[in-house]
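S.K.: This structure is in structure tokens; I'll ask about it shortly.
The values are calculated or read from the model by the stated rules, or taken from the named source; none is laboratory data. Computed from a prediction, not measured in an experiment: that's the story for all the values here. Here Cβ is always computed from backbone atoms with ideal geometry, including for glycine, and neighbour counts include all displayed protein chains. To get the accessible areas, we keep the full protein, side chains included, count just its heavy atoms, and leave off ligands, DNA and RNA. Shrake-Rupley method; radii C 1.70, N 1.55, O 1.52, S 1.80 Å.
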Amino acid sequence: MLNRTAENVARATPEPLARKVRGISDKGLAWLFISPTILLLLAINIFPLFWAIYLSFTNYRANRPNEVVKNLGFANYQRILGDQDIWIAMQTTAHFVFWTILLQTLIGFTLAWLIDRKFRGHAFWTTLILVPMMLSPAVVGNFWRFLYEPQIGLFSYVISFVSGIPPTSIQMLSNVELAPWSIVIVDTWMWTPYVMLICLAGLRSIPEYIYEAAEVDRASNWRQFWSITLPMALPFIMLAVLFRGIENFKMFDMVNLLTGGGPGSTTEVASITLKRQAFESWRTGYSSAFAIILFVAVFGLANIYVKALNKVKQR
Amino acid sequence: MKSSLKLALGLASAITASTAVSNVAHAEDLTLCWAAWDPANALVELSKDFTKETGIGMKFEFVPWTNYADRFLNELNSHGKLCDLIIGDSQWIGGAAENGHYVKLNDFFDKEKISMDDFVPATVVGYSEWPKNTPNYWALPAMGDVVGWTYRKDWFSKPELQKEFKEKYGWDLGPPATFDQLKQIAEFFQKRQIDGKTVYGASIYTERGSEGITMGAMDVLYSYGFQYENPKKPYEMEGFVNSPDAVKGLEFYKALYDCCTPPGASNSYMGEGVDAFKSGQVAMHMNFAFTWPGLQKDENVGGDKIGYFVNPKGPGGAQFAQLGGQGISVVSYSDKQESALKYVKWFANKDVQAKWWSLGGYSCLNAVVKDPKFPASQPYAQAFLDSMAIVKDFWAEPSYAPLLQASQKRFHDYVVAGQGSAKDALDGLVKDWTQVFQDDGKM
């Protein structure tokens, strides 16, 4: 196939060049085709990464292009690791990641398990459940901001109707205690269907004969669930947790739209802090160091997790 | 085939010709960059006269306030050629001057006999000078603006409310002269039923993302005794930023937020304030003066129903207001600086400035604002004049952005989130600002 393509390319090219093309090996031709992609990746992914690493050791500020750039060594890193506000932002991020993953996994798996029963109309319900995931985060953020509105929001009205608390007292986005949960609720609403889809794929991949054998052995439904369903779906669940964990660690849009990090700094996750330092305070070198720290943290944790995932898969 | 070829060639020639004509016609078009708000629309209207007079077309690049700084500071930092003229925020002047983004206008002003003495002094210092209080000009004062207050004159004049208020507080319900009075009025209206609707005391700035809560809190803090630095020793902030009076000022702002704002008003700035007032939610409304022409015209709350007052006095009698507004500058990366300077010259003209005011812009030219007819020209004209006489501005240092971000965080953490004390917030602010100036090598 590759040889035929090489022949076609050679035929369409001028003779001196064609001779060279004919002489290209399969491997060479493969490299020829993927090189534009590699170059593009280098330009938009790898180069900025190395550039950010370089900047992280400097005092460079993007709004002062004429200023002399000084090498600060590890001073930016030291300052970040000793900054109490950064650690508070990391704690907020950890809180957000933990609760969203926990809720999304529990609800997502439960929904997948129910959908897998193939009850009447399950296709319709599956489609309906998937709707939030298909919306843009910008739309979702604005939509929920209105729902949470204490004076006219439907959410406040429903809670007020159920609890008897006046709706103006239910200030989901303004109250320090409630604001973090308001984001967890929206993220869970939006991304649980994604976890559900992956779990559903896992459940559907379990061969039917295993359940038939369990039936023969008179295993109870509960026993089948603990001994077959959960262990066999576990790699898929773990994969969903990995994807959502990485995504939520760098969550920005939803938080920015709903609370902007407030009230105060209550919901200021790491990505919001990073944006403020980089594009509002213009501390480019400092924020590059912070971005590298976040990158290393996510990369390191994801690697450890992937090793655990591989072990589970091998069992 | 031949006819198709002819048709194609004809079309191509027509397109080329029309593009060439269009290029010639718009070769001198200037692009003016500003925020997307009511005064910008007035400027579009005003600039039609400039095109008529000079034949130079005007294009406008307006960006919502939330993205205004990000968008245009990025443009300037990347030496972009999008903007020939820019109406940049007052805080940008230091950075724009030091980084060479703006053309220095001293020689041009001298040549065209444009004198800065002809403009309101506070606007010259605020919008044009860097370093401050030196005759180095980087902009022409373009849009005077200041934080002031509007109130529901119709509610204030209800006899039953006047009676109840007098009995409760011992003075006549009217525009407050002090912050204590302002709080009493706000408390009086908070959660009151008026015309069958629950209303609230006041809408104040609480926004966290850009500059909102700083503009609002500073409006109070100045009059309580806050100072940015030791007047005798620049950048010495200890005992000034966090003075006992400044602490009291910040405590007052929090008390006003806690007692008297509408539910959920934890991230409120210009737009949210206007919405709260227009929808009849609040008795008083803190906002920049640029919002006043729009509110005056509003069918529900404007006309006879609205009144205006200057930012009240602090406990010691001091009275200041937060400066807003902008100057117009020529971008140093523009290829059309000559035409851009023509626009600045035209804009400085007295008749143009008078029309600017009549269209809804706020002129900074003495000849306009000191005209005896000016105070009566609009119901808010006197409040604007009085406010402009007491203005103070935020740091205009090249590092204004991290300075602003620090105050946004410290104020919001205390006022809205209730974390720590006012003293903690201001002590923290001294620490943050000291770090910024140390990074800049100024301390």
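S.K.: I need the phi-derived Karplus couplings for region B:208-220: 6.51 cos²θ - 1.76 cosθ + 1.60, θ = phi - 60°, integer Hz, Gly and Pro marked x.
M.R.: 9, x, 10, 9, x, 5, 5, 4, x, 5, 4, 4, 8
S.K.: For the protein assembly as shown, just list the percent of Cα-Cα distances falling in each 20 Å bin from zero outward, please.
M.R.: Pairs per bin, as whole percents: 14, 39, 32, 13, 2, 0.
S.K.: Also, I was wondering about something else. Check B:M58: other-chain or 5+ apart residues with amide H under 5 Å from its amide H, H built from backbone geometry?
M.R.: Hits under the 5 Å cutoff: B:L30.
S.K.: Further, regarding this structure: What list of ³J(HN,Hα) values in whole Hz, one per residue of region B:415-426 in order, does the Karplus curve 6.51 cos²θ - 1.76 cosθ + 1.60 (θ = phi - 60°) give from phi, with Gly and Pro shown as x?
M.R.: 5, 8, 8, x, 8, x, 10, 4, 4, 4, 4, 6
S.K.: Work out the FRET efficiency for A:K313 and B:T198 from their Cβ-Cβ distance, taking R0 = 51 Å, and round it to the nearest 0.05.
M.R.: 0.30
S.K.: On to the next question. Taking a ≥ b ≥ c as the square roots of the Cα gyration tensor eigenvalues, with a/c under 1.5 meaning rounded and otherwise prolate when a/b beats b/c, else oblate, which class fits region B:296-443?
M.R.: oblate
S.K.: A follow-up question, please. In region B:230-331, which trypsin sites (Lys or Arg not before Pro) fall in coil by DSSP and have 13 or fewer other Cβ atoms within 10 Å? Please list the in-between numbers first.
M.R.: Working: sites: B:K232, B:K248, B:K254, B:K278, B:K297, B:K305, B:K313; in loops: B:K232.
In loop regions of region B:230-331 (DSSP not H, G, I, E or B), the sparsely surrounded trypsin sites (Lys or Arg not before Pro) are B:K232.
S.K.: Now, a different point. Can you give the FRET efficiency to the nearest 0.05 for B:D29 and B:N74, using r as the Cβ-Cβ distance and R₀ = 22 Å?
M.R.: Details: r = 22 Å, r/R0 = 1.01.
E between B:D29 and B:N74, to the nearest 0.05, is 0.50.
S.K.: Here is a follow-up. Just report the Cα centroid separation between region B:218-281 and region A:134-208, whole Å.
M.R.: Rounded to whole Å, the Cα centres lie 33 Å apart.
S.K.: I've got another one for you. What is the distance in Å between the Cα centroid of region B:104-151 and that of region B:361-376?
M.R.: Centre-to-centre distance over Cα atoms comes out at 15 Å.
S.K.: At 222 nm, what helix-only mean residue ellipticity would the protein assembly as shown give, in deg cm²/dmol to the nearest 500, using -39500 (n - 2.57) for each DSSP H run of four or more?
M.R.: -18000 deg cm²/dmol
S.K.: Another question, if that's okay. Roughly how much of A:L41 is accessible, in Å² to the nearest 10, using a 1.4 Å probe?
M.R.: For A:L41, the solvent-accessible surface is approximately 90 Å².
S.K.: Next up: If the elastic network links every pair of Cα atoms under 10 Å, which of A:G262, A:G28, A:G300 fluctuates the most in the Gaussian network model of chain A?
M.R.: Residue with maximal mean-square fluctuation among A:G262, A:G28, A:G300: A:G28.
S.K.: Still on this structure, please answer the following. How high is the FRET efficiency between A:R218 and A:F119 when r is their beta carbon distance and R₀ equals 22 Å, given to the nearest 0.05?
M.R.: The formula returns an efficiency of 0.30 here.
S.K.: Sort by residue number and name the cysteines in the protein assembly as shown that have no neighbouring cysteine Cβ under 4.7 Å.
M.R.: So far as the 4.7 Å Cβ criterion goes, A:C199, B:C364 stand without a partner in the protein assembly as shown.
S.K.: Right, something else. Given a 1.4 Å probe and heavy atoms of the protein chains only, how would you sort A:V298, A:V131, A:V184, largest accessible area at the top?
M.R.: Order by accessible area, largest first: A:V131, A:V298, A:V184.
S.K.: Could I have the simple spin-label model distance between A:I44 and A:V306, label points 7 Å from Cα toward Cβ, reported in nm to one decimal?
M.R.: For A:I44 paired with A:V306, the spin-label model returns 2.1 nm.
S.K.: How large is the Rg to Rh ratio of chain B when both quantities use alpha carbon positions and Rh follows Kirkwood?
M.R.: Numbers: Rg = 24.1 Å, Rh = 23.3 Å.
Answer for chain B: 1.03.
S.K.: Please calculate how many Å² of accessible area region B:335-412 carries per residue, with a 1.4 Å probe and no DNA, RNA or ligand atoms counted.
M.R.: On a per-residue basis, region B:335-412 sits at 37 Å².
S.K.: Would you mind calculating the relative contact order of chain B from Cα pairs under 8 angstrom and at least 6 residues apart, reporting the percent as a whole number?
M.R.: 24 percent
S.K.: Related question: Under the definition of Cα pairs under 8 Å and six or more residues apart, what whole-number percent is the relative contact order of region B:277-387?
M.R.: RCO, region B:277-387: 25 percent.
S.K.: Continuing with this model, one more query. In terms of modelled amide H atoms, which long-range or inter-chain residues lie less than 5 Å from the amide H of B:F119?
M.R.: Under 5 Å from the amide H of B:F119 lie the amide H atoms of B:N366, each far enough along the sequence or on another chain.
S.K.: Over the residues of chain A, compute the C-alpha Rg and express it relative to 2.2 N^0.38 Å.
M.R.: Normalised by 2.2 N^0.38 Å, the Cα Rg of chain A equals 1.33.
S.K.: Which one of B:Y333, B:Y224, B:Y127 has the biggest mean-square fluctuation once chain B is modelled by GNM with Cα springs under 10 Å?
M.R.: Comparing B:Y333, B:Y224, B:Y127 in a Gaussian network model of chain B, the most mobile one is B:Y333.
S.K.: So what is the orientation-averaged projected area of region A:193-315, using the convex hull of its C-alpha atoms, in nm²? Could you put the intermediate results ahead of the total?
M.R.: On the way: hull surface 40.3 nm².
Average of the hull's projected areas for region A:193-315 equals 10.1 nm².
S.K.: Okay, next question. Please report, in whole Å³, the volume per residue of the convex hull around the C-alpha atoms of region A:73-227.
M.R.: 208 Å³
S.K.: Here's another thing I want to ask about it. GluC sites (Glu not before Pro), restricted to region B:232-328: which are DSSP loop and have at most 12 other Cβ atoms within 10 Å?
M.R.: B:E299
S.K.: Using +1 at the Cβ of each Lys and Arg and -1 at the Cβ of each Asp and Glu in region A:137-246, identify which of A:S220, A:W189, A:I170 lies farthest towards the dipole's positive end.
M.R.: Projecting each Cα onto the dipole axis, the largest value belongs to A:I170.
S.K.: Residues with beta-carbon under 10 Å from that of B:L73, excluding B:L73: net charge, scoring Lys, Arg +1 and Asp, Glu -1? Kindly include the intermediate steps, with their values, before the conclusion.
M.R.: Details: positive: B:R71; negative: A:E280, B:D70, B:E75, B:D89.
With Lys, Arg at +1 and Asp, Glu at -1, the neighbours total -3.
S.K.: Let me ask something additional. Considering Cα pairs under 8 angstrom that are at least six residues apart, work out the relative contact order of chain A and quote it in whole percent.
M.R.: Answer for chain A is 26 percent.
S.K.: Using a 10 angstrom cutoff on alpha carbons, build the Gaussian network for chain A and name the most mobile of A:S281, A:S35, A:S56.
M.R.: A:S35
S.K.: Another one. Modelled label-to-label distance, B:N67 and B:K297, 7 Å Cα→beta-carbon offset: nm?
M.R.: Result: 2.5 nm between the two label points.
S.K.: Given H placed on each backbone N at 1.01 Å, which residues far from B:H285 in sequence or on other chains put an amide H within less than 5 Å of it?
M.R.: B:T150, B:S203
S.K.: Just grab the label-to-label distance for B:V44 and A:F161, each label 7 Å out from Cα along the Cβ direction, in nm (one decimal).
M.R.: Once both label points are built, they end up 4.2 nm from each other.
S.K.: Please compute the net charge surrounding B:D304, taking Lys and Arg as +1 and Asp and Glu as -1 over other residues with Cβ under 15 Å from its Cβ.
M.R.: Around B:D304, the surrounding residues sum to +2.
S.K.: Can you give the mean number of other chain Cβ atoms that lie within 10 Å of the Cβ atoms in peptide A:254-264? Walk me through the numbers before you get to the answer.
M.R.: Working: counts 0, 0, 1, 0, 1, 4, 8, 6, 13, 11, 14.
Going residue by residue through A:254-264 and averaging, the value is 5.
S.K.: Taking a probe of 1.4 Å and counting only protein heavy atoms, give the total accessible area buried between chains B and A in Å², rounded to the nearest 100.
M.R.: Protein heavy atoms only, the B-A interface buries about 2400 Å².
S.K.: Relative to a virtual label point 7 Å from the Cα of B:D335 in the Cα→beta-carbon direction, which members of region B:62-83 show backbone nitrogen distances below 12 Å?
M.R.: Residues B:81-82 qualify, since their backbone N sits under 12 Å from the label point.
S.K.: Would you work out what percent of the accessible area of region A:156-198, with all protein chains in place, is carbon or sulfur (probe 1.4 Å)? Numbers along the way, then the final one.
M.R.: Numbers: 1360 of 1930 Å².
On region A:156-198, the fraction of accessible area on carbon and sulfur atoms equals 71 percent.
S.K.: Additional query: Could you let me know the centre-to-centre spacing of region A:53-123 and region A:269-290, using Cα atoms, in angstrom?
M.R.: Distance between centres, Cα-based: 13 Å.
S.K.: Residue-wise, which Karplus ³J(HN,Hα) couplings in Hz belong to region B:288-305, taking 6.51 cos²θ - 1.76 cosθ + 1.60, θ = phi - 60°, and x for glycine or proline?
M.R.: 5, 5, 4, 7, 5, x, x, 5, 4, 7, 5, 5, 8, 10, x, x, 7, 7
S.K.: Where in chain A is the longest stretch that carries no chymotrypsin sites (Phe, Trp or Tyr not before Pro) classed as loop by DSSP and with at most 15 other Cβ atoms within 10 Å?
M.R.: Numbers: sites that count: A:F74, A:F119, A:F252.
My reading of the result: A:120-251 is the longest stretch.
S.K.: Loop only by DSSP, 16 or fewer other Cβ within 10 Å of the Cβ. Give me the trypsin sites (Lys or Arg not before Pro) in region A:65-161 that pass, ordered by residue number.
M.R.: Filter output for region A:65-161: A:K70, A:R117, A:K118, A:R120.
S.K.: Restricting the count to DSSP beta bridges whose residues both fall in chain B, what percent are antiparallel, rounded to a multiple of 5?
M.R.: That works out to approximately 65 percent antiparallel.
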